[in-house]
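The values are calculated or read from the model by the stated rules, or taken from the named source; none is laboratory data. On a predicted model such as this, the values are computed, not experimentally measured, just so you know. Here the Cβ positions follow ideal geometry from the backbone for every residue, glycine too, while neighbour counts run over all protein chains shown. Protein only, heavy atoms only, side chains kept; ligands, DNA and RNA dropped before computing areas. Shrake-Rupley method; radii C 1.70, N 1.55, O 1.52, S 1.80 Å.
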Amino acid sequence: MEKIVSLCKRRGFIMQSSEIYGGLNGCWDYGPLGTELKRNLKDFWWRRMVRERDDIVGMDGSILMNRQVWVASGHEATFSDPMVDCRSCKSRLRADQLPEKDGKLHCPVCGSFDLTEARAFNLMFKTYVGATEDESAITYLRPETAQAIFVQFKNVLEVSRKKVPFGIAQIGKAFRNEINPRNFTFRSREFEQMELEYFCRPEDGVELLEYWLKERLKFYEDVGISSDLLHVHKIPPEERAHYSQGTYDIEFHFPFGVQELEGVAYRTDYDLSQHQKASGKSLEYFDEETGQHFVPHVVEPSAGVDRTVLALICAAFCEETITDQKGKAETRTVLKFHPRMAPIKCGIFPLLKNNERLVGQAREIVESLRPHMMVFYDESGAIGRRYRRQDEVGTPFGVTVDFDTIGENGPSNQGTVTIRERDSMKQVRVPIGELKSFLVDRIN
Ligand code: ATP
């Protein structure tokens, strides 16, 4: 994990928030490459969940909402974790995550057994809307994106003219004042979620839960997280939320343990019914086929963007020993991202930087590819070093413009470039005119 964190900082994937002021615990900034990676993940989720389907539409709700939303959803009363204090070192700890020694819970920081009783700590960030800081102005930064979907259910249903089963998808920020943020970005205080609320008839909920679990597992496969790194944890009935009729956690083998990436839950009609009761507005659906009015049930796949980005990096991280042309062994650090997720799709290199024709041709290729993908031009250092720099950030293809390309070695390879593939390090020659389609076919 240390190596991954250091690579993330060194190459501009993820940095500490407010670093020059000593940081802010639980908050992270994404640098140039991390931002691309995150964007690729969100775009692909949106493509799979919304654009490629007839039955799902998108929305983008506000982060601040009427306080009554959080009263009705149950968050104000119960969205809390059990907290204890260590009397010796004063650490604040999550009571349900304490290590045990000789059958007794103790402080993971100093080892002391002198802990306070657990008490509930509400995870929502409280704030005031408007100029008066009194009780009537209180609201919260949303701790999940889902509630905006539930409270806009009727409006979206009307404008989209969908029939059940249908879903509303959303990607956005969520905030939780976690007692103990840790494991890099895994548990942050500010993070992003990708959530789908899939509304259905009550009798279809159980089957749709299984359907969505399968769909979501396929998604991870399609972004390059192989199934052997995933684990499905079926939450036993006694541990599920009281309204849930089935919940799965999709977990990932992080270097720090097997931990949740996404929850897929059948939430019955709990959320819509709560908002219907509290707001006094009907959130029923009229079924034209049966002539019945009912509150739809919902299946919710809820994934964390940041946790998935971290999983993508952990799954891709690889150190290989390779032997160079002189027979010397060296370590190659590679991020073996799926080309679809890779922040930079293609590195473009003129063999020499002081040859105008090589540089001119390489620059022309850069301009022709730019509208279609993220590319990176690099002319400095030996070509092997340039390949390594791109390997380390997961660029799947490297294009080199050499003397064959510009016809200096005869006409046979003129107008062709070499494409080097990151994982196999194999090279093929491709005509410049075919470069775009070669790459586009592989990054989509
Ligand atoms: P955990 O048990 O790890 O706190 P949770 O079960 O409370 O998570 P949900 O409320 O189901 O999480 O949220 C859905 C998803 O949002 C999670 O699967 C996770 O990917 C993401 N998520 C939740 N809390 C955080 C956090 N503090 N930092 C980063 N991602 C988070």
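Within segment 337-347, is there a residue that is assigned to a strand (DSSP E or B) and at pLDDT 95 or above? Yes, segment 337-347 contains at least one residue that is assigned to a strand (DSSP E or B) and at pLDDT 95 or above. The single residue among 191, 150 that is surrounded by 19 or more Cβ atoms within 10 Å (Cβ to Cβ) and within 26 Å of residue 254 (Cβ to Cβ) turns out to be 191. Here is the figure for segment 425-440: residues that are open to solvent by 60 Å² or more (accessible area, probe 1.4 Å) and over 13 Å from residue 369 (Cα atoms) total 5.
Residues in segment 166-180 that are of a type outside the set (Phe, Trp, Tyr), open to solvent by 20 Å² or more (accessible area, probe 1.4 Å) and either modelled with pLDDT of 95 or more or closer than 20 Å to residue 312 by Cα (or both): 171, 173, 176, 177. When you scan segment 243-250, do you find a residue that is closer than 26 Å to residue 2 by Cβ and of a type in the set (Gly, Ala, Ser), even just one? Within segment 243-250, not a single residue is closer than 26 Å to residue 2 by Cβ and of a type in the set (Gly, Ala, Ser). Filtered by the rule that a residue be touching a residue at least 60 places away in the same chain (Cβ under 8 Å), within 19 Å of residue 416 (Cβ to Cβ) and of a type in the set (A, V, I, L, M), segment 338-390 gives 365, 369. Only one of 262, 320 is part of a strand (DSSP E or B) and either within 11 Å of the ligand (Cβ to nearest atom) or open to solvent by 50 Å² or more (accessible area, probe 1.4 Å) (or both). Can you tell me which? Of the residues listed, the single one that is part of a strand (DSSP E or B) and either within 11 Å of the ligand (Cβ to nearest atom) or open to solvent by 50 Å² or more (accessible area, probe 1.4 Å) (or both) is 262. Can you confirm whether residue 413 is in contact with a strand residue (DSSP E or B) (Cβ under 9 Å, 6 or more places away or on another chain), in a loop (DSSP other than H, G, I, E, B) and of a type in the set (S, T, N, Q)? Considered against the rule, which asks whether it is in contact with a strand residue (DSSP E or B) (Cβ under 9 Å, 6 or more places away or on another chain), in a loop (DSSP other than H, G, I, E, B) and of a type in the set (S, T, N, Q), residue 413 comes out as yes.
Within segment 266-294, the only residue that satisfies the criterion of being small (Gly, Ala, Ser) and in contact with a strand residue (DSSP E or B) (Cβ under 9 Å, 6 or more places away or on another chain) is 282.
For every residue, the table says whether it meets (1) within 26 Å of residue 306 (Cα to Cα); (2) of a type in the set (Ser, Thr, Tyr); (3) touching a residue at least 60 places away in the same chain (Cβ under 8 Å).
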site: 169; (1), (2), (3): yes, no, yes
site: 176; (1), (2), (3): yes, no, no
site: 184; (1), (2), (3): yes, no, yes
site: 198; (1), (2), (3): yes, yes, yes
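Where strands (runs of 3 or more DSSP E) fall entirely within segment 137-229, those with at least 2 residues that are within 16 Å of the ligand (Cβ to nearest atom) are at 166-175, 190-200.
Here residue 244 passes the criteria (1) open to solvent by less than 60 Å² (accessible area, probe 1.4 Å); (2) hydroxyl-bearing (Ser, Thr, Tyr); (3) at pLDDT 95 or above except the one numbered (3). Apart from one condition, residue 136 fits all of (1) modelled with pLDDT of 95 or more; (2) open to solvent by 10 Å² or more (accessible area, probe 1.4 Å); (3) among the hydroxyl-bearing types (Ser, Thr, Tyr); the exception is (1).
Whenever a residue of segment 402-420 is on the phi > 0 side of the Ramachandran plot, its partners that are surrounded by 17 or more Cβ atoms within 10 Å (Cβ to Cβ), lying with C-beta atoms within less than 6 angstrom and at least six residues away or across chains, give the pairs 415/432. When you scan segment 352-372, do you find a residue that is more than 30 Å from residue 190 (Cα to Cα) and in a strand (DSSP E or B), even just one? No, there is no match, as no residue in segment 352-372 is more than 30 Å from residue 190 (Cα to Cα) and in a strand (DSSP E or B).
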